[in-house]
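A.B. asks: Please find one structure pasted underneath; my questions will follow.
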Amino acid sequence: MSYTNILLYCRPGFENECASEITDMTSAAGIYGYVRAKEQSGYVVFCSHAPIDEETFQQHILYKDLVFARQCLLATEIVKDLPVDDRITPLLTKIQPLEKTFCQVWMETPDTNDGKQLSAFCKKFDKPLNNALNKNKLIDHNSPLRLHLFFLSSSAVYIAISHIDNSSNLIMGIPRLRMPKSAPSRSTLKLDEAFNFMLTQKEQTEHLQNGMTAVDLGACPGGWTWQLVNRGIRVTAIDNGSMNEKLMETGLVEHLRKDGFTYVPDKTVDWLVCDMVERPMHITHLITKWISEGYCVNSVFNLKLPMKKRYQMVCDCRQELEHALEQTGHYYQLRMKQLYHDREEITVVILQ
Ligand code: SAM
């Protein structure tokens, strides 16, 4: 049994971007093939001309470097026509020859209406499948591999694996974040997701500390500012609009009705965050100015994507940012991801 596919989950509507990205990554790794992607399906399959070696996949197909993929897995051929009365036996005959053990098994579906209809089926199937895997000694909690069954219907499924260090550790690549009651806007979840899933635990502890300072460009009504304040960070909120009153009462926010493109802080702040709706290259130039002038140490910002050539725009912005970061002579980490709470946009984190 070999792996001939790379299976990627994405936001429905972004299959083309996800496909272009994996095509670039695989050809750089010397893995050749073609992509199967259907609009609005919520997933993409890269079909390799030759079996994909696990080591090559691990070394060159890096989940963290993919912007549009919520998950990235090594998959076998699709299993079709699973019989209604016994799905487990044919699945085991495909899983056993992989000669692996798995720390856990996840049953997943595309993030679409059709996919949602399958969630009750997946729930019901979970226990009997786990029992069968345990009985056949395929579950070992110390294994670094995870088994994924990606159901397209109750009779068609991709069998796939991931390494826990090179994949999303969220089922379906989707975080379950609770909307905080006192947060002024749903946008707050974007910054919460960025902090929780684009920074490691250690980075969160190190870089999000009580008493730090931040500037929030395009802050109103204050969803992003709320996340910073909630972590004890003092915020200068730049926006012509109105800030949420309760948030202002915390005493940690200074609201300035100024233009985010011309505002300059008196001294270097720990964080620049920016959620202004503007052309992505315009925002990119603004951020490169902040970094090269040393106005901020770290930053999180959104790039709102154009209607067309979205992947190309991401590549162009990345190139501009990389160039500017290199010029500073400091070491920076640049991370880009289309988060679950991002719609027609992506989130960028720059960490010093
Ligand atoms: N992050 C905010 C939150 O969580 O509540 C939502 C931000 S909203 C998407 C974009 C904001 O950017 C608007 O409030 C708008 O007034 C502001 N904005 C747009 N252009 C701006 C500019 N040139 N200077 C300052 N603010 C600007």
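A.B. asks: Just for the chain, what percent of DSSP beta bridges are antiparallel, to the closest 5?
C.D. replies: On the way: 37 of 61 bridges.
Taking every DSSP beta bridge within the chain, about 60 percent pair in antiparallel fashion.
A.B. asks: Could you derive backbone 3J(HN,Hα) for segment 223-233 from the dihedral phi with the Karplus parameters 6.51, -1.76 and 1.60 (θ = phi - 60°), listing whole Hz in sequence and x where the residue is Gly or Pro?
C.D. replies: x, 6, 4, 4, 4, 6, 4, 4, 9, x, 9
A.B. asks: Net charge near residue 25: determine it from the other residues with C-beta under 14 Å of the C-beta of residue 25, scoring Lys and Arg +1 and Asp and Glu -1. Before the final figure, lay out each step's value.
C.D. replies: Working: positive: 64, 318; negative: 17, 21, 24, 65.
Every neighbour counted, the sum reads -2.
A.B. asks: What part of the accessible area of segment 1-106, given as a whole %, is carbon or sulfur when the probe is 1.4 angstrom?
C.D. replies: Values: 2320 of 4730 Å².
Within segment 1-106, the accessible surface is 49 percent carbon and sulfur.
A.B. asks: Using every alpha carbon pair in segment 116-198, what percent of pairs falls into each 5 Å bin from 0 up to the bin containing the largest distance?
C.D. replies: The distribution over segment 116-198 is 3, 10, 16, 19, 16, 14, 11, 7, 3, 1, 0, given as percents.
A.B. asks: Would you calculate, for the chain, the mean residue ellipticity at 222 nm contributed by helices, counting each DSSP H stretch of 4 or more residues as -39,500 (n - 2.57) and dividing by all residues, to the nearest 500?
C.D. replies: On the way: 11 runs with 114 residues, N = 352.
It comes out at -9500 deg cm²/dmol, rounded to the nearest 500.
A.B. asks: Count the net charge of all other residues whose Cβ sits under 13 Å from the Cβ of residue 137, scoring Lys and Arg as +1 and Asp and Glu as -1.
C.D. replies: Details: positive: 100, 135; negative: 99, 140.
Here the count lands on 0.
A.B. asks: Restrict the search to segment 146-200; then list the trypsin sites (Lys or Arg not before Pro) that DSSP places in a loop and that have at most 10 other Cβ atoms within 10 Å of their Cβ. Intermediate results must be reported in sequence, preceding the final value.
C.D. replies: Numbers: sites: 146, 176, 178, 181, 186, 190; in loops: 176, 178, 181, 186.
The qualifying sites are 176, 178, 181, 186.
A.B. asks: Please compare each pair in 190/309; 181/337; 80/308; 38/94; 64/246; 267/304 to a cut-off of 31 Å on the Cα-Cα distance and tell me which ones are over it. Walk me through the numbers on the way to the answer.
C.D. replies: Values: 190/309 23 Å; 181/337 26 Å; 80/308 35 Å; 38/94 26 Å; 64/246 37 Å; 267/304 28 Å.
Check vs 31 Å cut-off fails for 80/308; 64/246.
A.B. asks: Shifting gears a bit: Tell me which residues come under 5 Å, amide H to amide H, from residue 102 once H is placed; ignore anything under 5 positions away on its chain.
C.D. replies: Placed amide hydrogens put 139, 140 under 5 Å from residue 102.
A.B. asks: Counting other Cβ atoms within 10 Å of each Cβ, which GluC sites (Glu not before Pro) in segment 55-147 have at most 11 and sit in a DSSP loop?
C.D. replies: Numbers: sites: 55, 77, 99, 108; in loops: 77, 99.
When the GluC sites (Glu not before Pro) of segment 55-147 are filtered for loop state and at most 11 Cβ neighbours within 10 Å, 99 remain.
A.B. asks: Apply the a/c threshold of 1.5 to the C-alpha gyration tensor of segment 1-147 and tell me whether it is rounded, prolate or oblate. Write out the running numbers ahead of the final one.
C.D. replies: On the way: a/c = 1.90, a/b = 1.33, b/c = 1.43.
Judged from the Cα gyration tensor, segment 1-147 comes out oblate (a/c at least 1.5, b/c at or above a/b).
A.B. asks: Note down, for the chain, the three equivalent ellipsoid semi-axes (square root of 5 times each alpha carbon gyration tensor eigenvalue), biggest first, whole angstrom.
C.D. replies: Details: eigenvalues 331, 96, 63 Å².
Sorted largest first and rounded, they come to 41, 22, 18 Å.
A.B. asks: Taking the solvent-accessible surface of protein heavy atoms with a 1.4 Å probe, what is the per residue accessible area of segment 232-352 in Å²?
C.D. replies: Details: 6180 Å² over 121 residues.
Counting only protein heavy atoms, the per-residue value for segment 232-352 is 51 Å².
A.B. asks: Per the chain: cysteines with no other Cys C-beta under 4.7 angstrom?
C.D. replies: So far as the 4.7 Å Cβ criterion goes, 47, 72, 103, 122, 220, 274, 296, 315, 317 stand without a partner in the chain.
A.B. asks: Once amide H atoms are built 1.01 Å from N in the peptide plane, which residues 5 or more positions from residue 255, or in another chain, come under 5 Å H to H?
C.D. replies: 237
A.B. asks: Step through the residues of segment 45-61 one at a time and calculate ³J(HN,Hα) from phi using the Karplus curve (6.51 cos²θ - 1.76 cosθ + 1.60, θ = phi - 60°), rounding each to whole Hz and writing x for Gly and Pro.
C.D. replies: Along segment 45-61, the couplings run 10, 8, 9, 7, 6, 10, x, 9, 6, 4, 5, 4, 4, 4, 7, 10, 9 Hz.
A.B. asks: Moving on to the next point. Could you order 24, 85, 216 by accessible surface area, starting with the largest, using a probe radius of 1.4 Å? Don't skip to the answer; put the middle values down first.
C.D. replies: Values: 24 80, 85 140, 216 0 Å².
The most accessible residue leads, giving 85, 24, 216.
The values are calculated or read from the model by the stated rules, or taken from the named source; none is laboratory data. The model shown is predicted, which means the values in this text are computed figures rather than measured ones. Neighbour counts are summed over all protein chains in view; Cβ atoms, including those assigned to glycine, are modelled from backbone coordinates with ideal geometry. Remember, those area values only see protein heavy atoms, side chains included, never the ligands or the DNA or RNA. Shrake-Rupley method; radii C 1.70, N 1.55, O 1.52, S 1.80 Å.
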